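The values are calculated or read from the model by the stated rules, or taken from the named source; none is laboratory data. Please read these numbers as outputs of a predicted model, since none were measured by experiment. A quick note on method: Cβ atoms are made from the backbone with ideal geometry, for glycine too, and the neighbour counts reach across all protein chains shown. Surface areas here come from the heavy atoms of the whole protein model, side chains and all, with no ligands, DNA or RNA. Shrake-Rupley method; radii C 1.70, N 1.55, O 1.52, S 1.80 Å.
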Amino acid sequence: MLADHRERDADRGTGPRAGRSAQPPGPPGSFLWRILPALKDPLRFLLDLAGTYGDIVTVRANRTYLVNRPDLVKHVLQDNHFNYTKGARYRRALEPFFGRGLLTSEGDLWRRQRRQIQPAFHKHHHQDYAGAIVTTTQEYLATWRRSARTGEPLDVRAAMTDVTLAVLMKTIFGRSAGEDIDAVGRAFLAAHGEMNLTAAFIAPPLPQWVPTPGHRRFTRAIRTIDAFIARLVAERRAEAASGTGAPGLGASGLAAAGTQDFLSLLLAARDPDSGEPMSDTQVRDEVITMLAAGHDTVTEALTWTLYLLAQHPDIAERVRQEVSTVLGSREPRADDLAALPFVGCVVHESMRLYPPIWGLMRTTIAADEIDGYALPPDARVIISPYVVHRSPALWPEPDRFLPDRFAQPQAEGRHRFAYFPFGAGPRLCVGAAFAMLEVPLVTTMLIRAFSIQLVPGQTIRALPGISLRADRPVWVTLREQTQA
Ligand code: HEM
């Protein structure tokens, strides 16, 4: 069990403590033998390791460690981040898809790209982004109303994929979702289905050139996505050359405010040293990173939130009442979210139970010492938000959906690193604030419009792929609410 983090924080020492062995505790026996349950059910495997061996666990001696206690997580991700990279194994698992975009790059390339991309997420864009999110959700509400009227079940994940991709089309490319969105959405699903973070953590992936059916599906999906991005980049360059310019976000006001969409920002960016524009490959890698990192995670966060609300109608009703009191029948804006604290609690509690990014990976550069144990250079450190978020030492009744734990007084004094769905330190999710607009705004609009019931007889499990997704479609039926 994880020890109480407050006590542990207080007694955190600097040198190895008396009686400590060189390696953190871990399961006995051959690593190869133990890897089988890890591959079968990685979440259970990691939870069991934390439950049995505690705060820091040897998964493979001198190679791989699992770190579970908030102050140790802080050490790796934030305090001593200079000594960590994401590492070759992580890059090998993700680069076939993301290339060297912001998520997978390191060092000078990462620093330069982060500096150029960060302004797109500045607070002063929030009202405009919220506008894009709300108008997109309104468009889809009309479709979902038809499902409600006919009683036809709705696949929540597919519905949320449509919304999140359409929102990104507006914010990244400054255009509405066209006919191609279905094909691109399917290609994303297919590519993600073939990628697995477990490969980065526990067992190396097969090289892409091995012609498995999965690799062939992956290659086809990447071709579709690359062709789509290349076409949009070419169109935008042509517009710029002919002086017609970027359309911006139109109705949601970004263009009117003199700000362009993300693609324009990338195309206009210049290297501060050389003055050179970004190469086509770098633009492609950043666009695919934003599309993938920005739609998959938000889709999962929304799907799990709606799944949990469907199972807890009393909590859905509290959300509805808060929304009705604060908004009446008008549409939400970004600055309304501060007045909707219970919606915020619901979203956080959903991401505690089902953090879309379930595992982070770091590799030591030089040797490090964690909790009195010596880790060698080039050692892999796995940090799992899923495991820490379900630690009974940090979260009473950890498997229950109790949104009030994010409200005062229950949240008082909790370690900042007991909950970190967006990571932490310099590699903190660049889109965190964007996500914390989109997930609560879409939830607010959906729960106000409908009550949601799970179609009976479904057993849904969390499947840790590239993100934490439901292992099958989540079918619900919607019933229209009469609005105040
Ligand atoms: C609920 C939604 C989201 C969750 C839970 C989430 C989670 C995360 C986490 C945990 C990381 C850190 C990974 C690490 O340290 O290894 C990360 C990084 C990143 N996220 Fe998100 N994310 C979300 C939404 C978004 C959105 C909306 C975008 C963009 C539109 C985005 C773009 C990125 C990028 C580019 C990085 C890499 C940042 C860097 O290393 O500098 N994410 N995300």
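Of all residues assigned to region 396-409, none qualifies as being over 30 Å from Leu39 (Cβ atoms), hydrophobic (A, V, I, L, M, F, W, C) and open to solvent by less than 20 Å² (accessible area, probe 1.4 Å). Evaluating Glu152 against the criteria (1) surrounded by fewer than 22 Cβ atoms within 10 Å (Cβ to Cβ); (2) closer than 27 Å to Ile222 by Cα leaves one unmet condition, (2). Evaluating Phe45 against the criteria (1) aromatic (Phe, Trp, Tyr); (2) within 16 Å of the ligand (Cβ to nearest atom); (3) open to solvent by less than 70 Å² (accessible area, probe 1.4 Å) leaves one unmet condition, (2). Which residues, counting only those in region 299-313, are surrounded by fewer than 24 Cβ atoms within 10 Å (Cβ to Cβ) and aromatic (Phe, Trp, Tyr)? Of everything in region 299-313, just one residue is surrounded by fewer than 24 Cβ atoms within 10 Å (Cβ to Cβ) and aromatic (Phe, Trp, Tyr), namely Tyr307. Here Thr297 qualifies as within 8 Å of the ligand (Cβ to nearest atom) and of a type in the set (Ser, Thr, Tyr).
The residue of region 323-346 that is nearest to the chain's Cα centre (by Cα), among those that are more than 15 Å from the ligand (Cβ to nearest atom) and crowded, with 20+ Cβ neighbours inside 10 Å, is Cys345.
Of the residues examined, Ala379 is not one that is touching a residue at least 60 places away in the same chain (Cβ under 8 Å), over 21 Å from Asn83 (Cα atoms) and of a type in the set (Gly, Ala, Ser). Flag: Leu463 does not match the condition of being in a strand (DSSP E or B) and in contact with a Ser or Thr (Cβ under 7 Å, 6 or more places away or on another chain). What tally of residues in region 384-401 results from selecting those that are of a type outside the set (Lys, Arg) and free of Cβ contacts under 8 Å to residues at least 24 places away in the same chain? The qualifying residues number 3.
When Pro403 is tested against (1) within 14 Å of the ligand (Cβ to nearest atom); (2) over 19 Å from the mean Cα position of the chain (by Cα), only condition (1) is not met. Exactly one of these conditions fails for Pro426: (1) within 11 Å of the ligand (Cβ to nearest atom); (2) open to solvent by less than 20 Å² (accessible area, probe 1.4 Å); (3) more than 21 Å from His295 (Cα to Cα). Give me its number. Checking Pro426 against (1) within 11 Å of the ligand (Cβ to nearest atom); (2) open to solvent by less than 20 Å² (accessible area, probe 1.4 Å); (3) more than 21 Å from His295 (Cα to Cα), the one that fails is (2). So is Pro247 at pLDDT below 80, buried (at least 17 other Cβ atoms within 10 Å of the Cβ) and more than 13 Å from the ligand (Cβ to nearest atom) or not? Spelling it out, Pro247 is indeed at pLDDT below 80, buried (at least 17 other Cβ atoms within 10 Å of the Cβ) and more than 13 Å from the ligand (Cβ to nearest atom).
Residues in region 429-445 that are touching a helix residue (DSSP H, G or I) at 6+ places or on another chain (Cβ under 7 Å) and aliphatic (A, V, I, L, M) were compared, and the one that is farthest from the ligand (Cβ to nearest atom) is Met445. Answer yes or no as to whether Phe420 is outside any helix (DSSP H, G or I), hydrophobic (A, V, I, L, M, F, W, C), open to solvent by less than 30 Å² (accessible area, probe 1.4 Å) and within 16 Å of the ligand (Cβ to nearest atom). Spelling it out, Phe420 is indeed outside any helix (DSSP H, G or I), hydrophobic (A, V, I, L, M, F, W, C), open to solvent by less than 30 Å² (accessible area, probe 1.4 Å) and within 16 Å of the ligand (Cβ to nearest atom).
Are any residues in region 450-464 surrounded by fewer than 20 Cβ atoms within 10 Å (Cβ to Cβ) and touching a Phe, Trp or Tyr at 6+ places or on another chain (Cβ under 9 Å), and if so, which ones? Across region 450-464, the qualifying residues are Leu454, Val455, Gln458, Ile460, Ala462. Of the residues Gly54, Gly29, Gly15, the single one that is modelled with pLDDT of 70 or more, over 31 Å from the mean Cα position of the chain (by Cα) and of a type in the set (Gly, Ala, Ser) is Gly29.
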